[in-house]
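Written below as structure tokens is the structure these notes are about.
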Amino acid sequence: MTRALSLALPHGLAVHDHRSFQGRPLAFAGFVSVPATLRKTSHCKTHFKHSREIRMQMGGEDDESVRQMKEMAAAKKRWEALVRQGKVVALSTKEAGYAVQLSNKALLDVRPSVEHKKAWVKGSTWIPLFDVDDKVDVGTLSRKMSNFLMGGWWSGAPTLVYQTDFIGKVEETFPKDADLIVACQKGLRSLAACEQLYNAGYRKLFWIQGGLESAEDGDFEREGPQPFKFAAIGGVSEFLGWTDQQRAAAAKEGWGYRFIFSARLVGLFLLADALFIGVQQAGSFLQDLRAPH
């Protein structure tokens, strides 16, 4: 039988068992550097000098992408098996909220710092599985540049790196027999964390299906400057209000909310137009200086 949290949930709210698990798209946001068991991507540090080297590198990247896809598919099967076999119990945000608020169950937040600082569950413990890669070396700069060019400028997704001391920090905080409700933003990294925790000997693991992003008002006692749904957005898309989360909020808030982002878009066009005119004027001025008198 599937484990259940040792608390009485209100009528009509039963803890999900493995049969309620629905396969969700499993994809990390941004670029991450991880160990072999969780590897997402890596980047070649070779400097290109000839077209032949470029073609060889492009072929290598294709092979790397295929390998990454296979590793992600294998990881997805492992993680789904944890829930299917009852080793990890799936909870909705409402069920997890009752467990935290009524029974003081521990909630382990494994999100990176850029998401956690925007919104977190009151009383939760924050130990990131991945966090922002702040190293300054050739490999890190290469990954950051690739991340930026491949959509990071639009989404604001940072380059992340696996925290090798994750299990050690959890063991310092929680005994192996503790009930742990593990959460992240969308539900992927928390399931990866559950695999790490299970392998480390934790046997009372609960996973928030859909992540904190799926939480509705009242599910948790929230702290932080933004709603949970906005914790992972950023970049140009957030500035212009073009994320799914902001469009959903605009549908509820009305034109007042939309006006702010419409004004930003108009301002962006005006700034681009001013820069274009400025470049033209500067070009004309330089031509006049070079012209013989």
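The values are calculated or read from the model by the stated rules, or taken from the named source; none is laboratory data. For clarity, every value in this text was computed on a predicted model and none was experimentally measured. When we count neighbours, we look across all protein chains shown, and the Cβ atoms used for this are built from the backbone with ideal geometry, even at glycine.
Taking the stretch 101-126 as the range and being surrounded by fewer than 22 Cβ atoms within 10 Å (Cβ to Cβ) and among the aliphatic types (A, V, I, L, M) as the test, the residues that pass are Leu102, Ala106, Val114. Look at (1) assigned to a strand (DSSP E or B); (2) under 30 Å from Gly139 (Cα atoms) and you find that Trp207 fails only one, number (2).
Yes or no, residue by residue, for (1) closer than 24 Å to Ala178 by Cα; (2) in a loop (DSSP other than H, G, I, E, B):
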| site | (1), (2) |
| --- | --- |
| Gly97 | yes, no |
| Val114 | no, no |
| Gly123 | yes, yes |
| Pro128 | yes, yes |
| Ser146 | no, no |
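Among the residues here, Thr159 qualifies as surrounded by 15 or more Cβ atoms within 10 Å (Cβ to Cβ) and over 21 Å from Ala90 (Cα atoms). Residues that are part of a loop (DSSP other than H, G, I, E, B) and more than 16 Å from Gly211 (Cβ to Cβ) within the stretch 226-252 comprise Gly234, Gly241, Trp242, listed in sequence order. A Cβ distance below 7 Å, combined with a sequence gap of six or more or placement on separate chains, defines the contacts here; from the stretch 189-216, residues that are farther than 14 Å from Leu129 by Cβ and in contact (Cβ under 8 Å) with a residue 60 or more places away in the chain reach residues that are surrounded by fewer than 19 Cβ atoms within 10 Å (Cβ to Cβ) and among the aliphatic types (A, V, I, L, M) in the pairs Lys204/Ala178.
Taking (1) in contact with a Gly (Cβ under 7 Å, 6 or more places away or on another chain); (2) within 14 Å of Gly187 (Cα to Cα); (3) assigned to a loop (DSSP other than H, G, I, E, B) in turn, Glu80 satisfies each apart from (3). Which one is surrounded by the fewest Cβ atoms within 10 Å (Cβ to Cβ) among residues in the stretch 212-225 that are charged (D, E, K, R) and in a loop (DSSP other than H, G, I, E, B)? Among those that are charged (D, E, K, R) and in a loop (DSSP other than H, G, I, E, B), it is Asp217. Report yes if some residue within the stretch 41-48 is modelled with pLDDT of 80 or more and among the polar types (S, T, N, Q); otherwise report no. Within the stretch 41-48, none of the residues are modelled with pLDDT of 80 or more and among the polar types (S, T, N, Q).
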